[in-house]
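Reading through the structure tokens given below for one structure.
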Number of protein chains: 2
Amino acid sequence: MENIDAVFKSIDEHQDEFIDLLRESVAIRSVSADPARRGDCIRMSEWARDQLRTLGAETSFWDLGKQQLQSGEELPLPPAVFGVYGRDKSKKTLLIYGHLDVQPAEKEDGWNTDPFELTEIDGKLFGRGSTDDKGPVIAWIAVLKVLKNLGIELPINIKFVLECMEESSSEGLEKGLEDNIDKISDVTYSCISDNYWLGRNKPCLTYGLRGICYYFVEISCARQDLHSGINGGSVPEALNDLMWIMSQLVTVDGQILIPGIAELVAPLTKDEDDLYDKIDFCVDTFKQETGSHGLISDSKKNLLMNRWRYPSLSLHGVEGAFSQPGAKTVIPAKVIGKFSLRIVPHMTPEATDKLVTSYLDSLWAKRKSPNTFKITSGHGGMPWVADFRDANFSAGSRAIERVYGMTPDFTREGGSIPVTLTIQDLTKSPVMLLPIGASDDMAHSQNEKINRENFVKGMKVLAAYLFELAV
Amino acid sequence: MENIDAVFKSIDEHQDEFIDLLRESVAIRSVSADPARRGDCIRMSEWARDQLRTLGAETSFWDLGKQQLQSGEELPLPPAVFGVYGRDKSKKTLLIYGHLDVQPAEKEDGWNTDPFELTEIDGKLFGRGSTDDKGPVIAWIAVLKVLKNLGIELPINIKFVLECMEESSSEGLEKGLEDNIDKISDVTYSCISDNYWLGRNKPCLTYGLRGICYYFVEISCARQDLHSGINGGSVPEALNDLMWIMSQLVTVDGQILIPGIAELVAPLTKDEDDLYDKIDFCVDTFKQETGSHGLISDSKKNLLMNRWRYPSLSLHGVEGAFSQPGAKTVIPAKVIGKFSLRIVPHMTPEATDKLVTSYLDSLWAKRKSPNTFKITSGHGGMPWVADFRDANFSAGSRAIERVYGMTPDFTREGGSIPVTLTIQDLTKSPVMLLPIGASDDMAHSQNEKINRENFVKGMKVLAAYLFELAV
């Protein structure tokens, strides 16, 4: 740990060089959703592999197979990059996950600068992938470069898993990890930098994610669409049934009306309860940023708990009904209502499916409609929660304190990052989410950026974390 | 009336000639919705004008102005054809309305024959416009041809108003009628043949149509769409409010929940009540044809009354929510629910708007949601009902008895034919709907047809009607 100040100094001195490396990677248009950019995705995997190899890692490509497009066409999936730094059995081994692909971006979408040309304005580095997730990947590469230049031995072994299909459901990755399970069975801890601070000013470590269950409620009243003039008043209408069913799921203030859901939720521990008051989060700012007309709670703690540690139920829409602008007098023959539940420990998709199905069935029985009714559940995802007091989080926390001079907030997120659970389950190692970027980085949106300060301090946090982990 | 048998005989003898005339008109692709077919629509108006002129009518074109396309482009509206047969002040004057334009049709849509080439198969004349509405227009022309050939003087004066934009909301027609109000101020009765029998076997005369009120309920919860992972549980969701509001409008069995609506409905008279039992309508066939899983009533009388003489409320869909196949985890920021009420005497759009708005406002107050809420009503249409015992209907009824040997059913329809009210209001004359085609003619659909028998007997009914009207 005596070397850390030298490391920090070198990061400061070489920061422009690392920004150039980020610029180089941003210029590769690795848009995984665009089949026409598949070549760029493969080039991006090659670029990252070459970076790691130059730094002395043993590298290999994991062939993830082919992608079947809806057109029937087959495209090769970009290979995952596997990199190994050190095989010292006396040291711990950290698995670092990151992704090299990006969301689509066009200047015309409303970017102020060319999305694939990293551009610094007022300390902000604008460019697609700058924060999601090329920035964090480059930050790791930078740390290794600095250690190499300074001749400092890595305090732990590192295994990199970098994929290039994350923005397209990480297609192929789970199978890739399973196929190479023997190569990652010695992992002690895992770290993922693919999320963001809760706000703009205070770093955080993320220890929980919600899972998801998605439902389709299909109701049919006739063989084909009817006309509200000719038939209105003669047929119990499917959309009327559906609106009623969907209105019985959650109250205006977000209380889920499905019996048994609340009982599945893990009770609040004192440790967790103690976290909320300290968290740097402003309810008014959240309200302003979402542009919402009202909030379910004005209490910071309740609002965060509703988003992170309690289930929520959202209605998404209706397929099969009239959805265009204007007026159409159709009686839709078949409608499919869509809603989802964000699930939390100790809920499972299986237990949730059972409660949801049973409740919907009871509503349908109560409705006494002659129409046909079918419930389908989509692919469910488990929630994830880690022990924020484990050695991984403690190391992360000390690293942040060293760089920022403050204890990070321990946060959760309301959405899912499925790879988190995949890595935890396959490596049987504790995972930590260590975000580098700020809440206003606009990942997935126009004018994505990472602050120069976040990028540089992020490198320092990652470097310090390596050393803290070895303690 | 002593001549009617000779007229019938001549119609029988010349039927193939009239079918050829129909063939000629079907071949003109007068699709009013297709800007590229505007020339054909104008040609169709010219064709009809020339037919009437050849038969000795005074004809003129009513310039209906221009159509403003969404692209900003302006297209000339096809002119309405005005034809005058006889100006004998001692005779009554009948206004005959028909339309010359048709719905779009492509062989590839599922037609068994070329839609613009009239094709007879098993006594059915297939072709776009064969029944809607070129067939009835040609039937009138055929009647005049026969009378002319036989040298029989018209028992009444006739004024034709034929438009070529009916399938595109009769754009321009109302203004055209208003501009030429002095030319139609002497009309005694009006007759429209632009609907169909209730079934396949028994003729009917139609004395009522429902009107319509269309509503848009807009609810907004945020400035932009939110993510159900990040934000689920924090914001009262607009779609949840909307589903609840829309679930409170009508029961599963079609009872409208808006207070005051039922009180507006004209009471059932004994005369009307007596009509229903005789009507040739089979509930089971209706159920089979709609492919509906259930009906609001299994009683013929209740079902017909629900469709014709009572208001109905139908939900059409939601704009702004997720409506595509698949799963998307959006919380829509702004949703617009759409529903309509079919209105009946003595409801007016104004009175209905007031009750709907007041009920929706009270629901919204009860909901206690912080979201924004806005109700907009679309263009309303009045219901229409005629006295089915007036001289016009009596003449129509006697004409049908003479041709078919049976008293027609007196029916209503659940939809709207707005030109009916326009003509009634502007001519201040009683209007009758006299359908020629059968319920299975597939107007607006693939494989539209008119039965040869309906076409030929229709001509006879129209001829007899002229003479009965003069009595």
- [ ] Provide the descending list of Cα extents for the protein assembly as shown along its principal axes, expressed in whole angstroms.
- [x] 122, 50, 46
Open item on the list: Measuring nothing but label to label, 7 Å from Cα along Cα→Cβ, what are B:Asp182's distances to the other copies in nm, shortest first?
Closed with: 10.2
Task: Nearest-0.05 FRET efficiency for B:Glu178 and A:Glu117, computed from C-beta distance (R0 60 Å) - done: 0.45
- [ ] Please average, across the residues of A:363-370, the number of beta carbons from any other chain that are within 10 Å of each residue's own beta carbon, and give a whole number.
- [x] 2
Open item on the list: What does the copy distance list look like for B:Lys66, label position 7 Å along Cα→Cβ, in nm and ordered from shortest?
Closed with: 5.7
Task: Residue-count net charge about A:Thr422 - beta-carbon cut-off 10 Å; Lys, Arg +1, Asp, Glu -1 - done: -3
- [ ] Could you run the Karplus curve 6.51 cos²θ - 1.76 cosθ + 1.60 with θ = phi - 60° over region B:413-421 and give me ³J(HN,Hα) per residue in whole Hz, x for Gly and Pro?
- [x] 10, x, x, 10, 10, x, 4, 4, 5
Open item on the list: Taking loop as defined by DSSP and a crowding limit of 15 other beta carbons within 10 Å, which trypsin sites (Lys or Arg not before Pro) in region B:369-471 fit?
Closed with: B:Arg389, B:Lys428
TODO: Putting +1 on Lys and Arg Cβ atoms and -1 on Asp and Glu Cβ atoms, find which of A:Pro345, A:Phe286, A:Tyr359 reaches farthest to the positive end of the dipole of region A:275-391.
DONE: A:Tyr359
- [ ] Count the DSSP beta bridges whose two residues both fall in chain A, then state the antiparallel fraction as a percent rounded to the nearest 5.
- [x] 70
Task: FRET efficiency, 1/(1 + (r/R0)^6) with R0 60 Å, evaluated for B:Lys374 and B:Leu55 via beta carbons - done: 0.60
Task: Alpha-carbon centroid distance for the pair region B:288-351 / region A:426-448, whole angstrom - done: 45
- [ ] Give, rounded to the nearest 20 debye, the magnitude of the charge dipole that region A:38-108 has about its Cα centre when Lys and Arg contribute +1 at Cβ and Asp and Glu contribute -1 at Cβ.
- [x] 540
TODO: Scan region A:1-32 for GluC sites (Glu not before Pro) in coil per DSSP, keeping those whose Cβ has at most 11 other Cβ atoms within 10 Å, and list them by number.
DONE: A:Glu2
Open item on the list: Angle check, please: helix A:134-150 long axis (alpha carbons) against the longest principal axis of chain A (alpha carbons), in degrees 0 to 90, nearest 10.
Closed with: 10
Open item on the list: How big is the dipole moment of the protein assembly as shown about its Cα centre under a simple scheme where the beta carbon of each Lys and Arg is +1, that of each Asp and Glu is -1, and everything else is neutral? Debye, nearest 20, please.
Closed with: 1520
Task: Residue pairs, from the table B:Lys89/B:Lys270; A:Lys107/B:Lys338; B:Lys92/B:Lys175; A:Lys92/A:Lys202, whose Cα atoms sit over 32 Å apart - done: B:Lys89/B:Lys270; A:Lys107/B:Lys338
- [ ] For A:Glu413, list long-range residues whose amide hydrogen, built 1.01 Å from N in the peptide plane, is under 5 Å from its own amide hydrogen.
- [x] A:Gly208, A:Leu209, A:Arg210
TODO: Going by C-beta contacts inside 10 Å, put B:Tyr404, A:Tyr189, A:Tyr359 in order with the fewest on the left.
DONE: B:Tyr404, A:Tyr359, A:Tyr189
Open item on the list: Please compute the length gained on full extension between A:Ser362 and A:Leu257, using 0.36 nm multiplied by the number of residues separating them and subtracting their Cα-Cα distance.
Closed with: 36.6 nm
TODO: Taking the Cβ of each residue in B:Lys301, B:Lys338, B:Lys9, A:Lys92 as the centre, tally the other Cβ atoms inside 10 Å and list the residues starting with the fewest.
DONE: B:Lys9, B:Lys301, A:Lys92, B:Lys338
Task: Exposure proxy order (Cβ contacts within 10 Å, fewest to most) of B:His293, B:His379, A:His316 - done: B:His379, B:His293, A:His316
Open item on the list: With a cap of 10 neighbouring Cβ atoms within 10 Å, and only residues DSSP puts in a loop, list the chymotrypsin sites (Phe, Trp or Tyr not before Pro) found in region B:98-130.
Closed with: none
Task: FRET E, pair B:Ile152, B:Asp34, Förster distance 35 Å, beta-carbon r, rounded to 0.05 - done: 0.30
TODO: Per residue of region B:309-315, in order, report the coupling 6.51 cos²θ - 1.76 cosθ + 1.60 (Karplus, θ = phi - 60°) as ³J(HN,Hα) in whole Hz, putting x for Gly and Pro.
DONE: 10, 10, x, 9, 10, 10, 8
Task: the protein assembly as shown: antiparallel DSSP beta bridges as a percent of all, rounded to 5 - done: 70
- [ ] Please check which bits of region B:147-174 a label hung off B:Val471 would reach, taking the label as a point 7 Å along Cα-to-C-beta and the cut-off as backbone N under 16 Å.
- [x] B:155-156
TODO: Determine the shielding of peptide A:247-254 by partner chains: average, over its residues, the number of Cβ atoms on other chains within 10 angstrom of each Cβ.
DONE: 6
Task: Using a 7 Å Cα-to-Cβ projection, A:Ser90 label spacings across copies, nm, ascending - done: 13.1
- [ ] List every residue whose amide H lies under 5 Å from the amide H of B:Arg128, counting only residues 5 or more places away in sequence or on a different chain, with H placed 1.01 Å from N in the peptide plane.
- [x] B:Phe116, B:Glu117
Task: Paramagnetic reach from A:Arg452 in region A:109-126 [backbone N under 16 Å; point 7 Å along Cα→Cβ] - done: A:118-126
Task: Total formal charge among the other residues, if their Cβ is under 13 angstrom from that of A:Lys354, Lys/Arg +1 and Asp/Glu -1 - done: -4
TODO: Could you tell me how many degrees, from 0 to 90 and to the nearest 10, lie between the Cα long axis of helix A:349-367 and the main elongation axis, the longest principal axis, of the Cα atoms of chain A?
DONE: 20
Open item on the list: Roughly how far apart, in whole Å, are the Cα centres of region A:136-185 and region B:147-189?
Closed with: 82
- [ ] Please give the net charge around A:Asp63, taking every other residue with its beta carbon less than 15 angstrom from that of A:Asp63, where Lys and Arg add +1 and Asp and Glu add -1.
- [x] -2
Task: Amide H contacts under 5 Å for B:Leu100, placed H, 5+ residues apart - done: B:Glu163, B:Cys164, B:Met165, B:Glu166
Open item on the list: Helix A:15-26 against the longest principal axis of chain A: what's the angle in degrees, Cα atoms only, rounded to the nearest 10?
Closed with: 40
Task: Rounded Å value of the spacing that divides the Cα centres of region B:369-400 and region B:211-245 - done: 33
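Values in this text are rule-based calculations from the coordinates and carry no lab data. Everything numeric here is computed off the predicted structure, so don't read it as measured data. Note: ideal-geometry Cβ built from the backbone for every residue, glycine included; neighbour counts use all protein chains shown.
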